[in-house]
């Protein structure tokens, strides 16, 4: 590997705090809301949870929605298989997360914020609570009337879906709501709410710190900025890496693979599986294959049938069971590939299963059921032999 | 139905308030203290929050970390998602089953350990991983699992 082929490391998200505590927050609170929003819009920042909605638009819509009571929610229910970057962010730079939430609160006019932390990360709570106390002291000094409370999840992947997350916080089963209405008009307690991923709030703070021009130097037209990647699987250097968005997958594999990479699952179980022959033409970013950060690498010793089977079991268990396409679909896809593998069904049956996954994409109520088809069709179509023999 | 947790639940209700938004924190706290929430606990929570017991059951049973069956003092949850699976999760389960003399889903007769599998814990770069109650353990091998469990056994 030549030195120039090495992917550029970025040190934005995990970069050190300013010497002055809560400096970015202090400075940004002095600015006009429309100026900050304009910077965010210019920066091209899109949500880092995976869906990639433009952050500035989300905030603008919520700010424009009339209402006394509004909320800022930080989605820390990181549950996508292969993702562990939010844990790292919350461990290393929690102040940036709280600052981002506080900036958002000023812009939309919220007094109360919540962080929904997944139950699996309860061990982070004591440290986070200490950091939160420090934040609240500073907010008082800055006369910024915005408090943050941490609420815990209890082991349900679906609660990472924003409307299911609100249901859970309100004391209900984590079952997604119909959309519209969107959270910008009806979120937590049916009030206008901005809900963003942990990393998105940090990006906001960094844009406020370095300005949109400098921020835009990172990434591509469609995918501005950097991204924290969670790299796992068959790689000698698994871990957390902050890289520019918009890189071609072959360069990623050159650097992180073990020399025998057969496929990369981009975006977790709900993402896409890219086989070796497509590495060159695949861009990691919103113009290509988007990811919330999960990059799972598989080498040629791995059975893609096992990988898919593992994902389907995951979805089957994590489906909230509310809508039929997802509840029954996940189960039938799993049983279907088992039957083909055992020879109880002909190989052609895979085509029917593909049709089923396509229907789920259209008819499932939320992102979970809709995205099962992503991994299903990308694995089945690229590794058909492995499904059959 | 009587519950030993009436006082605990009253305290939690006083702390979090009687709104439905308090339901999750209250249930989570009961589980933290008892490792599960019993039928009678749920009925008591319902009474104090002025909800129907069915509403509390409905919420509680949705969440895999809110156990509604008695569990051991130490609940072991081994991650079974793909990267942990690829890096030797089966051997870890085998080690735990041998040491504790129970299968996945079971509790030891002395009610000390419960062994469960769970979905992605977020330690994919250091798999296999497990949680014992809320404490995560990663980069597991049969050897270090042996050490870890021995320590818990002596506690």
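Extension gain residue B:52-residue B:104, at 0.36 nm per residue separation less the Cα-Cα distance, in nm?
On the way: separation 52, 0.36 × 52 = 18.72 nm, distance 3.33 nm.
Value of the extension gain: 15.4 nm.
Under a GNM of chain B (C-alpha, springs under 10 Å), which listed residue has the highest mean-square fluctuation: B:82, B:66, B:26? Comparing B:82, B:66, B:26 in a Gaussian network model of chain B, the most mobile one is B:82. Each Cα pair of region A:165-275 feeds into the Kirkwood radius, which the Stokes-Einstein equation turns, at 25 °C and 0.890 mPa s, into a diffusion coefficient of 143 µm²/s.
The separation of region B:34-66 from region A:57-83, counted between C-alpha centres, amounts to 28 Å. Given springs between every Cα pair under 10 Å in a Gaussian network model of chain B, which of B:108, B:83, B:21 has the largest fluctuation? Top of the fluctuation ranking is B:21.
At q = 0.15 Å⁻¹, what base-10 log of I(q)/I(0) does the Debye formula yield for region A:304-388 when every alpha carbon is treated as an equal point scatterer in vacuo? Debye output, listed in q order: -0.45.
Here, chain A yields an orientationally averaged convex hull projection of 18.8 nm² when only Cα atoms define the hull. When you work out D = kT/(6 pi eta Rh) for region A:10-216 at 20 °C and 1.002 mPa s, using the Kirkwood radius from C-alpha pairs as Rh and the Stokes-Einstein form, the result is 127 µm²/s. Note that region B:74-153, at 10 °C in a medium of 1.306 mPa s, gets a Stokes-Einstein diffusion coefficient of 131 µm²/s from its Kirkwood radius over C-alpha pairs.
For every helix of n ≥ 4 consecutive DSSP H residues, a contribution of -39,500 (n - 2.57) applies; sum these over the protein assembly as shown, divide by its total residues, and give [θ] at 222 nm rounded to the nearest 500 deg cm²/dmol.
Values: 22 runs with 245 residues, N = 544.
Calculated mean residue ellipticity at 222 nm is -13500 deg cm²/dmol.
Look at the alpha carbon pairs under 8 Å that are at least 6 residues apart: their mean separation over the length of chain A gives a relative contact order of 18 percent. Stretching the chain fully between residue A:130 and residue A:281 yields a gain of 49.7 nm (0.36 nm per residue, less the alpha carbon separation).
Provide, for q = 0.18 Å⁻¹, the log10 of I(q)/I(0) from a solvent-free Debye sum over equal Cα point scatterers in chain B. Evaluating at q = 0.18 Å⁻¹ gives log10 I(q)/I(0) of -1.00. A straight line joining the Cα centroids of region A:300-320 and region A:167-205 runs 28 Å.
Report the calculated FRET efficiency for residue A:41 and residue A:328 (r = Cβ-Cβ distance, R0 = 35 Å), to the nearest 0.05. Can you show the working numbers first?
Values: r = 42 Å, r/R0 = 1.21.
Efficiency, from the Cβ-Cβ distance: 0.25.
Take the Cβ atoms of residue A:217 and residue A:23, set R0 to 30 Å, and the FRET efficiency comes out at 0.85.
Normalised by the number of residues in region A:226-299, what is the relative contact order in percent for Cα pairs under 8 Å and 6+ residues apart? All intermediate terms of the calculation are to be shown ahead of the outcome.
Working: 156 pairs, mean separation 28.9, N = 74.
Worked out over region A:226-299, it gives 39 percent.
For chain A, a Gaussian network of Cα nodes joined below 10 Å ranks A:14, A:229, A:84 by mean-square fluctuation, and the top entry is A:14.
When restricted to Cα atoms, region A:74-154 yields an Rg and a Dmax of 12.7, 40 Å, respectively. Under the shape rule built on the C-alpha gyration tensor, where the axes satisfy a ≥ b ≥ c, region B:6-62 is rounded, since a/c falls short of 1.5.
Its relative contact order, with pairs defined as Cα atoms under 8 Å and 6+ residues apart, puts region B:48-123 at 35 percent.
No value in this document is a laboratory result; all are computed from the given coordinates. Not measured: the values here are computed from a predicted model. Ideal geometry is used to build each Cβ from the backbone, glycine not excepted, and the neighbour counts take in all protein chains shown.
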